[in-house]
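S.K.: Dumping the structure here so I can ask a few things about it.
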Amino acid sequence: MFIATLIVSGLLAALLVVSAALKLSHRESVVRGYVRVGVPEDKLNYLAAVLLAGAAGLVVGLWWAPLGVAAAVGLVCYFLGAVAFHVRARDLANLTRPIGYEVLAVAALVLRLATL
């Protein structure tokens, strides 16, 4: 079970770092996507910080389980919010990415809890 936790947490952490880097880039296409769902550009650095903290929490949480659980719970909440923002903005064409991240966050949480 720990191997599955390691794989899912590592994959999610890597994806979060990439997503945070995109937010921190403030590229026009990235900003446009977030503005479309109601997130102003000046909030992207904060969202990136949350993602980087979540990634770090998942990785360190492989050695200290309470941190891994807390990081996974936070990410589940974060991506529920992301899904809600896309649904509220009727941006259904771009809904698959936050749903995919949500599924990975839930899997990371369930696996981390199963290894306690």
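Just so you know, all these numbers are worked out from the coordinates, no wet-lab data involved. Because the structure is predicted, anything quoted here is derived from the model rather than measured. Glycine also receives a Cβ, built like all others from the backbone with ideal geometry; neighbour counts cover every protein chain displayed.
S.K.: Between a first residue in segment 56-74 that is surrounded by fewer than 17 Cβ atoms within 10 Å (Cβ to Cβ) and a second residue that is in a loop (DSSP other than H, G, I, E, B), which pairs have beta carbons less than 6 Å apart while being 6 or more apart in sequence or on different chains?
M.R.: 65/116
S.K.: Of 58, 12, 16, which residue is in contact with a Ser or Thr (Cβ under 6 Å, 6 or more places away or on another chain) and not basic (Lys, Arg)? Outline the logic, then answer.
M.R.: Values: 12 fails: in contact with a Ser or Thr (Cβ under 6 Å, 6 or more places away or on another chain); 16 fails: in contact with a Ser or Thr (Cβ under 6 Å, 6 or more places away or on another chain).
From the options 58, 12, 16, the qualifying one is 58.
S.K.: Here's another thing I want to ask about it. Being touching a residue at least 40 places away in the same chain (Cβ under 8 Å) and over 19 Å from residue 107 (Cα atoms) is the requirement here; does residue 36 meet it? Lay out the reasoning, then the answer.
M.R.: Working: touching a residue at least 40 places away in the same chain (Cβ under 8 Å): yes; over 19 Å from residue 107 (Cα atoms): yes.
The answer is yes for residue 36.
S.K.: Pull up segment 9-28, narrow it to residues that are part of a helix (DSSP H, G or I) and either free of Cβ contacts under 8 Å to residues at least 12 places away in the same chain or touching a Pro at 6+ places or on another chain (Cβ under 9 Å) (or both), then point me to the one that is surrounded by the fewest Cβ atoms within 10 Å (Cβ to Cβ).
M.R.: 28
S.K.: Looking at segment 26-36, can you tell me whether even one residue there is closer than 20 Å to residue 116 by Cα and among the polar types (S, T, N, Q)?
M.R.: The initial filter retains those residues of segment 26-36 that are closer than 20 Å to residue 116 by Cα, namely none.
Looking for residues that are closer than 20 Å to residue 116 by Cα and among the polar types (S, T, N, Q), one finds none in segment 26-36, hence no.
S.K.: Scan segment 42-54 and tell me whether some residue there is closer than 17 Å to residue 17 by Cα, surrounded by fewer than 16 Cβ atoms within 10 Å (Cβ to Cβ), among the hydroxyl-bearing types (Ser, Thr, Tyr) and free of Cβ contacts under 8 Å to residues at least 12 places away in the same chain.
M.R.: Scanning segment 42-54 turns up at least one residue that is closer than 17 Å to residue 17 by Cα, surrounded by fewer than 16 Cβ atoms within 10 Å (Cβ to Cβ), among the hydroxyl-bearing types (Ser, Thr, Tyr) and free of Cβ contacts under 8 Å to residues at least 12 places away in the same chain.
S.K.: Hey, another quick one. Any idea which of 31, 35 is buried (at least 16 other Cβ atoms within 10 Å of the Cβ) and more than 19 Å from residue 100 (Cα to Cα)? First the steps, then the outcome.
M.R.: On the way: 35 fails: buried (at least 16 other Cβ atoms within 10 Å of the Cβ).
Sole residue among the options that is buried (at least 16 other Cβ atoms within 10 Å of the Cβ) and more than 19 Å from residue 100 (Cα to Cα): 31.
S.K.: Does any residue in segment 82-102 that is among the basic types (Lys, Arg) come within less than 9 Å, Cβ to Cβ, of a residue that is part of a helix (DSSP H, G or I) six or more places away or on a different chain, and which pairs are these?
M.R.: The qualifying pairs are 97/19; 97/82; 97/86.
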